[in-house]
Amino acid sequence: MKTLVKTFAAAALIAVSTFAMAADKPASKTEKANVNLSTADFALDHYVAVTTEGESAGVAQLFAADFSQKANATTNSRDELVKFFKKQKGEKLNCTVSTDIIEESTDYMVAKVTLKFEDFTKIDLVTLVREGNDWKVSKSINSYK
């Protein structure tokens with residue numbers, strides 16, 4: 001009888017320690033990182049970090065559901081761009097970045113993001129809109145010089 005009690009006590013101890021270790025597990029790769037997009041400036045800064053510094057946290061959160069990007073004669077959807085930026089995780093562009101606010105109101109902002117590379121310049125006109133409490137990128141139009 002004493003052996004049976006010891007066996008049940010040991011099993012209970014093992015079960016409790018297993019559940020405790022499972023509760024302390026690190027965040028999985030599939031969990032989304034929540035990025036602070038409470039202001040248009042934060043959202044614009046995060047957009048620049050995603051496009052130039054390989055930042056991949058909160059990429060899906062950054063773009064509005066109806067996002068589109070026009071570059072030359074092509075149009076890219078939100079899903080295409082999110083997938084692209086996730087693949088570019090950690091890739092930093094060798095360029096100088098400047099941003100200028102063209103127009104701003106309480107619910108939208110239009111900004112000009114200039115990426116100056118050694119041989120060319122990329123100009124990105126970015127439209128950000130307020131969706132609830134967050135700001136999201138809704139449109140991007142690229143041109144090259």
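The values are calculated or read from the model by the stated rules, or taken from the named source; none is laboratory data. Predicted model only: the values in this text are computed from it and were never measured. All Cβ positions, even for glycine, are placed from backbone atoms using ideal geometry, and neighbour counts span all protein chains on display.
Among the residues of region 69-85, those identified as of a type in the set (Gly, Ala, Ser) and out of contact with any strand residue (DSSP E or B) (no Cβ under 6 Å at 6 or more places or on another chain) are ALA73, SER77.
Are any residues in region 60-77 under 12 Å from the mean Cα position of the chain (by Cα) and not polar (S, T, N, Q), and if so, which ones? Passing the criteria: ALA60, LEU62, PHE63, ALA64.
When restricted to residues that are within 26 Å of ASN94 (Cβ to Cβ), in contact (Cβ under 8 Å) with a residue 60 or more places away in the chain and of a type in the set (Val, Ile, Thr), region 105-129 contains 2. In region 57-84, the residues that are over 23 Å from ARG130 (Cβ atoms) reach residues that are at pLDDT 85 or above and among the hydroxyl-bearing types (Ser, Thr, Tyr) with C-beta atoms within less than 6 angstrom, at least six apart or across chains, in these pairs: THR75/SER68.
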